[in-house]
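Read the structure below first, then the notes.
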Amino acid sequence: MKKYLRAMCLAFAVLMILSAVSCAENSDDEKNSAGNDVSQTSESETDAKDLSYVSELPSSVKFDGETVRILSLDSAGLNDELYVEEGNTGNNVNDAVYARNLAIEDRLGIDLEITLDSNAMANVENNIKAGGSDAMQIYSDSINFTVRSMIKGYFYDLSEVENLDVEKKYWTQGFRDIASYGKENKQYLITGAPSLSLYRFTFVTIFNKDYFEDAGWEDLYTIVENGDWTLDYQFSLISDVYQELDGKTGITEGDFVGLITGKVISIDPYLTACGIHMIKKDAGTGRWYFDGSTQERVASMVDKLKKIYNDSNGVYAFDSESTVITEKFASEEGAMATIELWFLEQTIGQIGFNYGIVPMPKFDTNQERYYSYVQDSATSFGILTCAAENDLPMLGAFLDQLGYESYQKVVPEYYGRSLSYKFLQDEESQKMLNLIYETTEYDFVGAFSAILNPVIRDEMRTVVTSSADIVGSSYAKWKRGMENTLDRKFNALLDSFDH
């Protein structure tokens, strides 16, 4: 069913708004480098000397009376990114989404039309085949679905689309490398501020600040800033942090522990957090290959994780994760927890003590920076090849304004509503959110898991939780499988694309 969009969401860029964005209004006669009028799209702008977060779309760019048609996945955690029935609902996020889309329609003179579909990917192919004036133009879906359409050649090269600058920082730059290909670095997908799920499906460590203080532990923010937040440091903190609370023998669900985590998706962020990329892109050819030199680091990472899970006497790991991790943390039954922020959003009202959020720990202190892993359920955007070429300037302008206006209007409201006002007023906490955003990293193994064979990300869960050492045999299997899969499913197909 088609609905007229008064919205389309945001996600991850507030961190800059909250701590680094200064207010500066552009005057109507401000010029861009080409001498054209620069669009004045918001009351709030970044530092005038840094246009990375500012739309430079000329104010003369209009498409009066035209319609932009979007096909989007109808799924919890994603559908409120794209559709709001009306404004003034009392929900600040929904109202901001509504206002953003009104601003885009007014700015470009267009109407937004969206189809929410629980099986959107299946209908992408129908639209590609049908084409014509009623076909969908923009496809918005989880990355694990959009990449399946990408390797079929269903998207235009966004780097060549007029009115769209994919290097603007309201588009997440850490995603661009895995969604581009070839010597010409053709860019097929983007994600960023319009994606609430980009924030929701990021993994972090949450910690009980009151417990840290009472235990005499050093402030974790300081440890992070000094570059000392590592797997070994986490192990040293949680070792023997165990208090019997439920009267049952051994560490059970009702006891207090040093770390609350899980045995399935909670393992997914570690490859990225440890800076391990088994599949890489050749800088000269733009082709993907399996990097066999990573085996030693993978084995060391698994050893560190097995120590945390099995030898610390301070961990409770759920067999299946959902809100149960944050619910246990909110019940003051853990000093730390590994969480996907979507689950924190569901339970934030239950937390009645001081808490903090930091990135996932690094492999060791020699690792130069932190990396924040985003699950492949986050939304990305592409322009379908069934869209008429003469509509590309309009679609480029729409995506530009979608990214920019989401960054300006929706993201601040989402942070305020979903984390807590008190948390966001803490300057150190804002710095950590900035750090998490700036270190967002997409890994080919995770993002393309749905079309890789074998599925390294999922099999890594078994490698870590197995009582046996199966790193060597698993790695050999991955290497054999990837060398075939990458050429057959990616390199050969992508070589044939001419758009």
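Every read-out reported here was derived from the displayed coordinates using simple, explicitly stated rules and does not represent laboratory data. Source: prediction; values computed, not measured. Cβ placement follows ideal geometry from the backbone for every residue including glycine, while neighbour counts extend to all protein chains displayed.
Can you give the convex hull volume per residue for the Cα atoms of segment 178-237, as a whole number of Å³?
Numbers: hull volume 9.3 nm³, N = 60.
Each residue corresponds to 156 Å³ of Cα convex hull volume.
Quick check on segment 274-336: take the gyration tensor over C-alpha atoms, sort the square-rooted eigenvalues as a ≥ b ≥ c, and tell me if it's rounded (a/c under 1.5), prolate or oblate.
Numbers: a/c = 4.14, a/b = 2.16, b/c = 1.91.
Because a/c hits 1.5 or more and a/b exceeds b/c, segment 274-336 counts as prolate.
As an exercise, use a Förster radius of 45 Å and the Cβ-Cβ distance of Arg488 and Glu389 to find the FRET efficiency, rounded to the nearest 0.05.
On the way: r = 30 Å, r/R0 = 0.67.
That gives a FRET efficiency of 0.90.
If we sort 402-412, 222-232, 136-146, 269-279 on the protection proxy, mean other Cβ atoms within 10 Å, highest first, what's the order?
Values: 402-412: 28.3, 222-232: 16.6, 136-146: 24.9, 269-279: 22.7.
Top of the packing list down: 402-412, 136-146, 269-279, 222-232.
Let me check against my output: what whole-number percent is the relative contact order of the chain, with C-alpha pairs under 8 Å and at least 6 apart? It would help to have the intermediate numbers written out before the result.
Working: 1032 pairs, mean separation 122.6, N = 499.
For the chain, the relative contact order is 25 percent.
Helix 456-465 versus the longest principal axis of the chain: what is the Cα-based angle in degrees, 0 to 90, to the nearest 10?
10 degrees
Just subtract the alpha-carbon distance of Ser300 and Arg480 from 0.36 nm times their residue separation and send over the number in nm, one decimal.
Numbers: separation 180, 0.36 × 180 = 64.80 nm, distance 2.12 nm.
Result for the pair: 62.7 nm of gain on full extension.
What's the FRET efficiency of Asn185 with Ser293 using the Cβ-Cβ distance as r and R₀ = 30 Å, to the nearest 0.05?
Numbers: r = 24 Å, r/R0 = 0.80.
Computed FRET efficiency for Asn185 and Ser293 comes out at 0.80.
Under a plain spin-label model, where a point goes 7 Å from the Cα along Cα-to-Cβ, how far apart in nm are Asp210 and Asn354?
Here the answer is 1.1 nm between the modelled labels.
Calculate the spin-label point distance for Lys129 paired with Asp311, positioning each point 7 Å from the Cα along the beta-carbon direction, and give it in nanometres.
5.6 nm
Taking each pair of different alpha-carbon atoms in segment 234-315 once, compute 1/r for the pair, average those values, and report the inverse of that mean as the Kirkwood hydrodynamic radius in Å to one decimal. Write down the numbers at each step before the final one.
Details: mean 1/r = 0.0666 Å⁻¹.
For segment 234-315, the Kirkwood estimate is 15.0 Å.
Determine the sum of side-chain charges near Asp219: Lys and Arg each +1, Asp and Glu each -1, restricted to other residues whose C-beta is under 11 angstrom from that of Asp219.
Values: positive: Lys209; negative: Glu213, Glu218, Glu225, Glu428.
Combined, the nearby Lys, Arg, Asp and Glu give -3.
If you stretched the chain out fully between Asp106 and Ser322, how much longer would it get, using 0.36 nm times the residue separation minus the C-alpha to C-alpha distance? Don't skip to the end; give the middle numbers.
Values: separation 216, 0.36 × 216 = 77.76 nm, distance 4.01 nm.
Value of the extension gain: 73.7 nm.
How fast does the chain diffuse by Stokes-Einstein, in µm²/s, taking the Kirkwood radius from C-alpha pairs at 20 °C and 1.002 mPa s?
Details: Rh = 23.5 Å.
Answer from the Stokes-Einstein relation: 91 µm²/s.
If I stretch the segment between Ser467 and Gln243 completely, what's the gain in nm (0.36 nm per residue apart, minus their alpha carbon distance), one decimal? Could you put the intermediate results ahead of the total?
Working: separation 224, 0.36 × 224 = 80.64 nm, distance 2.52 nm.
Once the chain is fully extended between Ser467 and Gln243, it gains 78.1 nm.
For segment 110-236, what are Rg and Dmax over the alpha carbons, in angstrom?
21.0, 67
Under a plain spin-label model, where a point goes 7 Å from the Cα along Cα-to-Cβ, how far apart in nm are Glu368 and Glu427?
Calculated label separation equals 2.9 nm.
Restricting to the chain, compute how many DSSP beta bridges are antiparallel as a %, nearest 5. Provide the component values of the computation, followed by the final result.
Working: 30 of 50 bridges.
If I count the DSSP bridges inside the chain, around 60 percent turn out antiparallel.
Taking θ as phi - 60°, what are the ³J(HN,Hα) couplings along segment 134-149 by the Karplus curve (6.51, -1.76, 1.60), each to the nearest whole Hz, with x for Gly and Pro?
So the Karplus estimates, Gly and Pro as x, are 9, 5, 5, 10, 10, 10, 10, 6, 4, 4, 5, 9, 5, 5, 5, 6 Hz.
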